[in-house]
1. When the residues of the range 73-88 are filtered to those that are among the polar types (S, T, N, Q) and modelled with pLDDT of 85 or more, which remaining residue is farthest from Gly41 (Cα to Cα)?
2. Which ones in the range 123-150 are closer than 18 Å to Ser165 by Cβ and part of a strand (DSSP E or B)?
3. Right, Leu133: at pLDDT 70 or above and in the same structural domain as Phe158 (by TED's automatic domain parsing) or not?
4. Condition first: in a strand (DSSP E or B) and exposed (fewer than 14 other Cβ atoms within 10 Å of the Cβ). Now tell me which residues in the range 55-92 satisfy that.
5. Within the range 151-192, count every residue that is in contact with a strand residue (DSSP E or B) (Cβ under 8 Å, 6 or more places away or on another chain), assigned to a loop (DSSP other than H, G, I, E, B) and over 27 Å from Lys44 (Cα atoms).
6. What pairs come out if I take residues in the range 92-116 that are of a type in the set (Gly, Ala, Ser) and pair them with residues that are assigned to a strand (DSSP E or B) and at pLDDT 85 or above whose C-beta lies under 6 Å away, six or more apart or interchain?
7. Taking the condition of being surrounded by 17 or more Cβ atoms within 10 Å (Cβ to Cβ), on the phi < 0 side of the Ramachandran plot and assigned to a loop (DSSP other than H, G, I, E, B), how many residues in the range 193-246 meet it?
Amino acid sequence: MVMQKAIWALVSVTMLAGCATYGDETVTPPTEAVEASYMCGVGKRLDVIFTGEKAAVKVGANTYNLMQQPTGSGYSYAGDGHSLRGKGTDATWTEPNGEELSCFEFDPANPPQVQPPVSPPITRGLPGTTWRLVQFQSMDDSIGTKVPPNPEKYVLTFASDGSLSAQLDCNRLAGKWEAQPSSPTGGGLTISGGAMTRAMCQPGAMDSTIARDMGFIRSYTIRGTQLHLALQADAGIYSWEAVPPQ
C-alpha cells in the first residue's frame, strides 16, 4: 500500500489536469488524498497531503496550505510564503526568508537516519572544506543527470578567508564566496567574481558550464558527506562529496 501511494504521489503532483501517463498506462488521478513524506536539510520533516490542486504541508506543529503552480517539468506548489518544487523523489522546500532546503521523499514506516556519519564529520559549515564533484541533476527532463568524464578532476575549495578555488577538469577557477547560514549545515550562498583559465579540455568536459553556473548558485545543504548546491529558479543541483583534510 505504501508503494502504491508513493507511485500515486509522483503521478498526482506532476499532472496539470485530467489524466496522467505513468509508464505505458494512462491513469486517472485518485479522488482520495495522497500522502507523501520528505526529509529536508538536516532533520526537517515535511508531511504532505496532496488533494487535487492543493497541498497541505505539515512542518512540526504548523500546517501550510499550498496551491499547484504552472511548471514545465516536475511539480510546483506555493502558498503561505512557502513553496515545494521538485521532480520524482527529489524536491526543494523554500522558506519565507528565501532559504532553500534540498529534500528527498522517504517511506514513513522506515524513516532515514539524519545524523551525519562519524567520519568524516561535516558540521562546521563551508569554511576550510574541499569537495569533489558527484553529478549535476537538472529539473529539465531534456537534460537530466550529467556526470562529466573523470569527475575526480572537479574539485571545489572554500577557504576560510572567503576565497574560492576550483579545479575544473583542465582549467582552474578563482573567486569569492559568502554564505548566509541558517544552520551549521545549510543556508544561502553567493559565489562571485573570479577568472578561469582557458585551456581546451577533453570532449564532454563541464568546466565552462560549471564556471558559468557558479554565479547562479543560491543555497547550499550539507547532508552527511555530500554538499548540494542549488541553482536559482530550481534549475538544478550540483552534488559534491567531501574530500577529507590532508
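1. Top of the filtered list is Ser76.
2. Correct list: Thr129, Thr130, Trp131, Arg132, Leu133.
3. So Leu133 passes the test.
4. Result: Asn62, Thr63, Asn65, Met67.
5. 3
6. Close Cβ pairs satisfying both conditions: Ser102/Thr221; Ser102/His228.
7. 4
The values are calculated or read from the model by the stated rules, or taken from the named source; none is laboratory data. The model shown is predicted, which means the values in this text are computed figures rather than measured ones. In this analysis, Cβ positions are derived from the backbone assuming ideal geometry, glycine residues included, and neighbour counts consider all displayed protein chains.
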